[in-house]
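> For reference, the structure I am asking about is given below.
The values are calculated or read from the model by the stated rules, or taken from the named source; none is laboratory data. Please read all numbers here as calculations on a predicted model, not as lab measurements. Every residue, glycine among them, receives a Cβ derived from its backbone with ideal geometry; neighbour counts consider all protein chains shown. Side chains included, ligands, DNA and RNA excluded: accessible areas come from the protein's heavy atoms. Shrake-Rupley method; radii C 1.70, N 1.55, O 1.52, S 1.80 Å.
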Amino acid sequence: MNEMCGLKPRLYKHWVGVYQGSGGTDFQSSEQRFFFSICNSYRDVLHHNKKPFYLKGQEDSSILDAYVLHTLNHVLRTRILISKNDAKVADAQGQGGILNGDGFLDHGFTRPKVLILLPLASIAFWVVKRLIQLTPSKHKVNIEHMDRFTEEFGSGGVESEEEDEDVENSKRKKSSKPSDFQSLFGGNNNDHFMIGIKYMGRKIKLYADFYSSDIIVASPLGLITKIGAAEVEKEKDIDYLSSIEVLIIDHADVILMQNWSHVNTVVEQLNRLPVKQHGTDIMRIRPWYLDGQAQFYRQTIILGSHLNPDVNSLFNRHCLNYEGKVKLVCLYKGVLPKVLIPVRQIYERFEADSIADVDDARFQYFCKKVFPKIKDSIQGGIMLCISSYFEFVRLRNFLKSQEALFCLLGEYTKQSDISRGRVWFFQGQRKIMLYTERAHFYHRYKIRAIQKLIIYSLPERKEFYPEIVNMLEGSQNMSCTVLFSRFDQFRLERIVGSASAKRMITSEKGVFVFC
């Protein structure tokens with residue numbers, strides 16, 4: 001790595017100043033400098049062990065700073081190159097000449113070069129504020145529409161938490177929700193937003209028109225709305241996605257709790273040939289755009305706290321950068337020590353021929369091996385924990401067909417039905433409760449009177465496992481049963497540890513007990 005990491009001198013100097021001003025030492029060997037060097041290689045990156053800001057004591061801004069600096073460096077270098085070429089072309093035309101050569105092929109179909117996908121407006125507020133902070137003073141003499149941005153994105157956002165710690169601490173004392181829930185959802189929870197950012201020499205313009213922006217910060221839902229409108233109304237288009245050169249998906253773990261299919265749709269829409277010309281100088285468009293090869297020149301950076309088959313599939317199928325890929329490999333210790341009650345956790349493995357057959361195999365195993373024990377038992381207080389909504393619907397329909405007494409607690413269940421169901425479950429009027437991971441993610445309910453816990457499908461988020469198991473009420477009859485297959489390795493290793501997960505998947509035995 002060279003001394004200035006490939007950055008423009010002014011940008012590098014400002015970065016070092018901000019780093020040292022925050023108390024950092026030994027910049028050359030810092031984590032953010034190392035991660036920036038990976039980003040600056042323009043390879044596709046999948047970092048699935050990023051420490052999330054909302055977990056107490058684990059906040060780590062080095063990754064954020066690194067990709068923000070990479071974004072700034074890419075945008076400023078692009079704008080400087082185009083400005084210099086514009087001046088040369090103007091001089092040549094003034095003298096009656098024409099300039100040719102690959103050095104003047106510096107355009108895409110449209111101006112936007114960076115797309116940052118984020119799940120919540122409060123996180124977007126934090127990222128854009130950091131983008132402005134890390135911009136050298138010369139380029140931010142004037143910031144347009146900052147008041148509007150603060151009002152729309154920063155209401156109760158991450159920054160307000162830092163500015164008024166006493167008020168926030170008093171709220172946390174009164175709230176029964178865990179601290180990570182309050183940090184994540186304590187700000188602006190809007191998941192439908194989109195904003196363009198334009199660099200204009202000495203000025204930064206927020207809320208710029210998308211076609212004149214350099215950076216677009218959006219939620220997947222916000223972009224999906226624009227894509228849907230373009231499909232319905234012919235006068236609308238999304239050609240501003242045609243020349244994206246850097247795609248950053250941050251907090252992928254939170255987006256997974258929203259709707260990951262939106263991300264897949266957005267990525268499929270990137271780097272397509274535009275519908276209109278939008279005033280672009282055709283003679284200065286880079287050849288790979290004209291050849292329809294832009295997807296191979298796009299860098300994608302995916303950041304999250306854990307890996308998921310959907311994220312892995314996107315990285316393998318749609319990240320086709322000719323520079324190559326960098327994917328993090330990490331070992332997990334597991335979260336079983338965080339289970340604070342003395343309960344035997346019985347893991348039962350079922351067999352499935354392929355990943356396409358996993359859902360059916362899991363359902364058949366439950367119907368034949370697990371449900372008969374529940375049906376014949378007189379014991380109540382049985383909670384079924386389910387990861388996906390599709391599994392939730394399938395089990396709900398099955399329990400209805402069996403005329404079982406159960407109540408529902410899912411992400412789409414009405415609040416009145418949830419309150420009524422919790423009371424029925426506590427009083428024993430309903431024997432079984434169906435509980436989804438997304439319901440726990442968005443509400444963090446504390447369910448009372450659980451005697452038997454059946455984890456139908458392991459949660460994506462490892463911290464949810466001990467939270468849910470610790471809700472078991474201490475008695476001699478309490479138990480915990482977990483169903484898994486070899487295709488659940490990603491989730492399993494985060495909970496029991498990488499070494500144990502490997503042994504459980506490959507062992508000839510099918511039942512494992514943790515105490």
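> Under 21 Å Cα to Cα from Lys205, which lysines show up? Leave out anything in the same chain fewer than 8 places away.
Within the straight-line limit of under 21 Å, Lys205 reaches these lysines: Lys113, Lys129, Lys138, Lys140.
> Moving to a separate point now. How much of the pair distance distribution for the range 175-216 lies past 12 Å, counting alpha-carbon pairs only, in percent? Write out the running numbers ahead of the final one.
Numbers: 571 of 861 pairs.
Counting pairs separated by more than 12 Å, the tail of P(r) holds 66 percent.
> Once phi is turned into ³J(HN,Hα) by the Karplus curve 6.51 cos²θ - 1.76 cosθ + 1.60 with θ = phi - 60°, what whole-Hz value does each residue of the range 328-335 show in order, with x for glycine and proline?
Ordered by residue, 3J(HN,Hα) equals 6, 10, 9, 9, 10, 8, x, 10 Hz.
> In Å and on Cα atoms, what radius of gyration and Dmax does the chain show?
Every Cα atom of the chain included, Rg and Dmax give 26.0, 94 Å.
> Based on Cβ point charges of +1 for Lys and Arg and -1 for Asp and Glu, what charge dipole magnitude is obtained for the range 271-395 about its Cα centre, in debye rounded to the nearest 20? Intermediate results must be reported in sequence, preceding the final value.
Values: 18 positive and 12 negative charges, 67 e Å.
Using only the charged Cβ atoms, the result is roughly 320 debye.
> Can you quote the Å³ per residue value for the convex hull of the Cα atoms in the range 362-485, rounded to an integer?
Details: hull volume 12.9 nm³, N = 124.
Enclosed volume per residue, from the Cα hull, is 104 Å³.
> Please calculate how many Å² of accessible area the range 470-515 carries per residue, with a 1.4 Å probe and no DNA, RNA or ligand atoms counted. Kindly include the intermediate steps, with their values, before the conclusion.
On the way: 2340 Å² over 46 residues.
Value for the range 470-515: 51 Å² per residue.
> A follow-up question, please. Which entries in Lys400/Lys446; Lys8/Lys325; Lys325/Lys502; Lys51/Lys327 show an alpha-carbon gap greater than 22 Å? Could you put the intermediate results ahead of the total?
Working: Lys400/Lys446 25 Å; Lys8/Lys325 25 Å; Lys325/Lys502 25 Å; Lys51/Lys327 16 Å.
Beyond 22 Å: Lys400/Lys446; Lys8/Lys325; Lys325/Lys502.
> Roll a 1.4 angstrom probe over the protein heavy atoms and tell me the percent of accessible area of the chain that is carbon or sulfur.
50 percent
> Return the distance in nm (one decimal) between the two label points of a simple spin-label model at Phe363 and Cys515, each offset 7 Å from Cα along Cα→Cβ.
3.8 nm
> Could you tell me the calculated FRET efficiency between Glu233 and His278, based on Cβ-Cβ distance and R0 = 22 angstrom, to the nearest 0.05?
Details: r = 17 Å, r/R0 = 0.78.
With R0 = 22 Å, the Cβ-Cβ based efficiency is 0.80.
> Another one. How far is it, in nm, from the label point at Arg317 to the one at Asp86 when both lie 7 Å from their Cα along the line to the Cβ?
Placing both labels 7 Å along Cα→Cβ, they lie 4.0 nm apart.
> Spelling out what I want: for every residue of the range 108-118, take phi, set θ = phi - 60°, compute 6.51 cos²θ - 1.76 cosθ + 1.60 (Karplus), and round to whole Hz; glycine and proline get x.
Each residue's phi maps through the Karplus curve to give x, 5, 9, 6, x, 10, 10, 10, 10, 9, 9 Hz.
> For Asn308, which sequence-distant residues (separation of 5 or more, or a different chain) have an amide H within less than 5 Å of its own amide H, given hydrogens modelled in the peptide plane?
none
> Shifting gears a bit: With r defined as the distance between the Cβ atoms of Glu473 and Tyr389 and R0 fixed at 25 Å, what FRET efficiency is calculated, to the nearest 0.05?
Values: r = 27 Å, r/R0 = 1.09.
Between Glu473 and Tyr389 the formula returns 0.40.
> Follow-up question, since we're still on this one. Could you check the spin-label model distance between Lys138 and Gln293? Points 7 Å from the Cα along Cα→Cβ, value in nm.
Roughly 3.5 nm, to one decimal.
> Could you tell me what percent of the DSSP beta bridges with both partners in the chain are antiparallel, to the nearest 5? It would help to have the intermediate numbers written out before the result.
Numbers: 12 of 57 bridges.
Antiparallel bridges: around 20 percent, rounded to the nearest 5.
> Can you give the calculated 222 nm mean residue ellipticity of the chain, where each DSSP H run of n ≥ 4 adds -39,500 (n - 2.57) and the sum is split over every residue, rounded to the nearest 500 deg cm²/dmol?
Working: 21 runs with 211 residues, N = 515.
The per-residue figure over the chain is -12000 deg cm²/dmol.
> Report the FRET efficiency, 1/(1 + (r/R0)^6), for Ser179 and Arg486, where r is their Cβ-Cβ distance and R0 is 56 Å, rounded to 0.05.
Efficiency at R0 = 56 Å is approximately 0.95.
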